[in-house]
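The values are calculated or read from the model by the stated rules, or taken from the named source; none is laboratory data. These numbers were taken from a predicted model, which means no experiment stands behind them. Reconstructed Cβ throughout: ideal geometry from the backbone, glycine too, with neighbour counts over all protein chains shown. Note: areas computed on protein heavy atoms with side chains; ligands, DNA, RNA excluded. Shrake-Rupley method; radii C 1.70, N 1.55, O 1.52, S 1.80 Å.
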Amino acid sequence: MYKFQTFNDAYLESRTYNKGEKVAGFPPYVTFELLNNCNFQCLMCHTTYLEAEKQHLSLDLFKKAIGEISHYGSLVRFIGYCEPLLYSHIEEAISYVKSKNLMLHITTNGSLLTERMIKIILDSQMECLIISFQGLSQEEFCFMRKVNLKSYNKVISNIKSLYNQRTGSKPFIKLTTTVTERDNLSRKDDFIKEHLQYVDEVQITGFTHFVHLDQCFHNDNIWERLKISKPDKIDNLFCHVPNYEMLVKRDGGLYCCCGAFSEDMCMGNFNNDSLHHIWHSSKAEHIRNVISRGDMENFITCSVCPIRYVYGEIGNTVMNARKDTTGKYQQ
């Protein structure tokens, strides 16, 4: 079905379904949240505040999903409210995706990029690796991620090691961060120049989100504790993400948004059905219809989604720069 030449083609394809006029026959990219834990305890992540039994997606169920996805040629992503490199079968998972000639994108905090993991990544020729960062300074990174300076330096060292050992263009290495009012926003250009020395692209994607912690995870003191203000809510917002996005969770549950954390957005379970059938089920269609007409309050995840909020000074705009063919950066 899909014959993408680059991983960006999958994202370009997804935009064709973002006007609410049609639904993808099968998602151009499929996200896997392989587990439910992380080795960081970031202040903005709800995983930090949950006491749930650790659970990893079974390798058999993962392979079943990849086998079906291979018929459509979708991009595969390992991201979510977790650290994918902690997955108990991460080496087999990477290898299996690539054995099916599928493109692969992983988002990681970078702390587990050991020499062995770097070799696995480089040998696989996977397409894209995104380093999830935080803030515009090492001080803010350490504060928000609740780590010390040694951990910060280790992450930077790991990224440099991956970049220096790469002999071709794979994987494309991107560093992405969000900011708060605590950050010195005048440092944006300096931040980009500093980190673009050892990645292909640096992106500042907007503000760090905390509304979900306040309203859904009983952390209403987060604003005072961090000394940041609440964002303004945007009225009359419509969302068409469920037209093209699929998330497979560790228990086989399927969701129509990669940010889904509430069970009310579950379309079905892959243990008992096919991805394609669930994607076109009446439950999936109901979710799409409700969200596309702007009834965001009907689902817990949607009610606190970051696209519904804006900071006047920070905004939601994306600022990014990537290297050109000469190694210099362009904004």
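Data overview
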read-out	value
Only listed residue being out of contact with any strand residue (DSSP E or B) (no Cβ under 8 Å at 6 or more places or on another chain) and open to solvent by less than 20 Å² (accessible area, probe 1.4 Å), chosen from Ile291, Ile278	Ile291
Residue match in the range 210-225 (condition: at pLDDT below 95, closer than 30 Å to Val76 by Cβ and touching a Ser or Thr at 6+ places or on another chain (Cβ under 7 Å))	no
Every residue from the range 21-51 that is open to solvent by 10 Å² or more (accessible area, probe 1.4 Å) and farther than 21 Å from Thr107 by Cβ	Glu21, Lys22, Val23, Gly25, Glu51
Long-range neighbours under 9 Å by Cβ, at least six apart or interchain, first residue closer than 18 Å to Cys142 by Cα and outside any helix (DSSP H, G or I) within the range 161-189, second open to solvent by 70 Å² or more (accessible area, probe 1.4 Å) and not hydrophobic (A, V, I, L, M, F, W, C)	Glu181/Lys227; Glu181/Glu313; Arg182/Lys227
All positions within the range 48-57 that are part of a loop (DSSP other than H, G, I, E, B) and touching a residue at least 12 places away in the same chain (Cβ under 8 Å)	Leu50, Ala52, Lys54, Gln55, Leu57
Within the range 161-192, considering residues that are open to solvent by 60 Å² or more (accessible area, probe 1.4 Å) and among the acidic types (Asp, Glu), the one nearest to Asn320 (Cα to Cα)	Asp189
